Amino acid sequence: MHDPFKFSGKALIAIAILIAALVALPFIANAVGLPATTPLATRLLIYAIAAGSLNLVLGFGGMISFGHAAFYGVGGYTVGILFQHVRIGEPLFGFIPGTEQFLIAVPAAILVAGAFALLIGALALRTSGVQFIMITLAFAQMLFFLFVALKRYGGDDGLIIRRRNALFGLNMRDDLTFYFVVLIVTIGFYLLLWRIAGSRFGMVLGAIRQNERRVAALGIAVYRYKLAAFTIAGMGAGLAGGLVANYARFVSPDMLHWTKSGELMVMVILGGAGTLLGPLFGAFALVTLETVLSGWTERWQLFLGPILLLIILYFRGGLSGLFKFIGGGGK
Amino acid sequence: MTAPLLLIEGLYKTFGGLTATDNLTLDVRAGEVHALIGPNGAGKTTVINQLTGELAPNAGRILLDGQDITALPVHARVHRGLGRTFQIVQLMGTYTALDHVALAVQAHQGHSFRFFRAARDDRGLRDPADALLERVGLKARADEPVASLSHGERKQLELAVALAMEPRLLLLDEPMAGLGAVESAQMVELLQSLKGRFAMLLVEHDMEAVFSLADRISVLVGGRAIATGSAADIQADPAVRVAYLGEGDA
Ligand SMILES: Nc1ncnc2c1ncn2[C@@H]1O[C@H](COP(=O)(O)OP(=O)(O)OP(=O)(O)O)[C@@H](O)[C@H]1O
Ligand SMILES: [Mg+2]
């Protein structure tokens, strides 16, 4: 009844419609002569994964991490660097062979980003409140400057990836094919988030957000659960980064910049922190707003701020709150 | 005589210049209800928070079953059998009453690194939690989010949560505070029915409740235990009458 992770019949229908719409989208886009919509939608889905992963710490766990883009960037660079070593035909650190296989490179991106999250989380989670925000930000900026300094992998200019990773002999160059690969990954990722949110682990995480003191008094080692959530979230961001490296065939330190972390936070909060699909809506809304407003005026950021503010102020729970409001779904 | 279940030795805690716990030595025997009373600000909650590990004492030791737990973190002490309720209820606003108890059952069963099965459908958690809610008289309110529970119901829920942890020693910080006469009597009856199953350290201002429940009473004033004994001893103790019961001014 109050279980946010059990969907009513109506919600299930809405989700089915959403998936059907996402499947139909590129075909409709081509039919109406807007083929550029497909790559745009691909980017949206990737952002939805990144924001969804941040939501696990920010929304479900209540940890205000301001350095999430670091893991996104590390994931991207993992794919980029592995590809680079195929190109130059020389193993990484002298023993790790490069790869251009999607099924190796993207899982590697997930694992490497997860390892960084584990390390950073282990230190940052010893603090809380403003200190935690600042420490996550500081670590992310450190990694940002690390990649800026890595001249071997393009430094400031970033790293061009000449080809997308290979997957089952699919034509990954084709925007439509790549869109569906990303769509399947996105659906899988959100299914996973949904399972996690309703699991024993998810119940602990939601309790920690609301009352850490109570959770400790239950005999639960709060720190370990926060660290696990932080690490899983880092892995999700690594996945998104690995996908975007393939999508853009390019990675650069911008992926790790603090403004990217801020953007991900806005997506989560705009869509509805702690709701399952909120970050997906948030990612869609932010990128669409940016695209539309920047088409109208150079000073689009001036307009974006107030719009975000209004939504956040008037609809507690962000866009998810707005949808519930429209749907007349009570509280 | 066997060693006590809980032994507090020379406990000392200061907040800046304020001495909140002043060389306190106290014990709780297995199965006993030991009441800790004292005026507001006497340092009762501060003692409880040092026992649970939320606060670190400046000096002194805490032994549970003869083992020094003074340096253990909060969660580890719970698994040694130290349960507590809070003076000001500590609950999760969006969770139902049942969620709270099920989470406590889950915590008691061991780690919660299970990521896929839906916890809210898990009979292994829900059934024991249901039984505990029934025990404290909250069964009918199991699916209410705690935000819509009354103050008295929240106090009952605090107790059900503590019971789910199957403590050997339960630290009760003013379980009757803010309850009406009827609710208060129910709580006393409930605690009475639990007496003997585990030991309790009961902090309470309601003297009637204290006298009817406690085997022994310790009186805390300014962080010091000025007397320990049976209800009759305490009522007759001149120091207690002066310092606490507000008599003997003349
Ligand atoms: N975290 C803290 N920092 C500073 N002073 C504190 C802190 N906690 C308690 N105190 C002070 O220590 C003293 C004892 O407080 P405590 O809460 O233990 O009293 P109590 O006996 O539980 O009182 P009550 O009956 O009102 O609950 C009080 O003077 C209080 O102001
Ligand atoms: Mg108190």
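Some observations on this one:
- Restricting segment A:154-222 to chymotrypsin sites (Phe, Trp or Tyr not before Pro) that sit in a DSSP loop and have at most 14 other Cβ atoms within 10 Å of their own Cβ leaves A:Phe168.
- Both numbers refer to the Cα atoms of segment A:164-239; Rg and Dmax are 17.7, 55 Å.
- Cα shape, segment A:22-173, gyration tensor, a/c 1.5 rule: oblate
- Percent of Cα-Cα distances greater than 20 Å, calculated over segment B:1-77: 29
- Computed over every Cα-Cα pair of segment B:184-234 and binned at 5 Å starting from 0, the pair-distance distribution P(r) comes out as 4, 19, 29, 25, 14, 8, 1 percent.
- Cα shape, segment B:89-164, gyration tensor, a/c 1.5 rule: prolate
- Candidate cross-link partners of B:Lys44 among the aspartates and glutamates, defined by an alpha-carbon separation under 15 Å and a same-chain spacing of 8 or more, comprise B:Asp22, B:Asp27, B:Glu54, B:Asp173, B:Glu174, B:Glu204, B:Asp206.
- Value of Rg/Rh across chain A [Cα atoms, Kirkwood radius]: 0.97
- Each of A:Tyr77, B:Tyr95 has some number of other Cβ atoms within 10 Å of its Cβ, and from fewest to most they run B:Tyr95, A:Tyr77.
- For the protein assembly as shown, the Kirkwood estimate of the hydrodynamic radius, built from every pair of different alpha carbons, is 26.8 Å.
- Scanning residues 5 or more positions from B:Val33 or on other chains, those with amide H under 5 Å from its amide H are B:Met200, B:Asp215, B:Arg216, with H placed 1.01 Å from N in the peptide plane.
- Distance between segment B:172-245 and segment A:183-242 - C-alpha centres, whole angstrom: 42
- Count Lys and Arg as plus one, Asp and Glu as minus one, and take only other residues whose Cβ is under 14 Å from that of B:Ile217; the net charge is then -4.
- Sequence-distant aspartates and glutamates (8 or more away, or on other chains) whose Cα lies within less than 19 Å of A:Lys260: A:Asp156, A:Asp157, A:Glu290
- Here the Karplus relation 6.51 cos²θ - 1.76 cosθ + 1.60, evaluated at θ = phi - 60°, turns the backbone of segment B:206-214 into coupling constants of 6, 5, 4, 4, 4, 5, 7, 9, 7 Hz, with x for every Gly and Pro.
Values quoted throughout were computed directly from the atomic coordinates according to the rules given, and no laboratory measurement underlies them. Just so it is clear, the model here is predicted, and its values are computed rather than measured. Cβ: placed from backbone, ideal geometry, glycine included. Neighbour counts: every protein chain shown.
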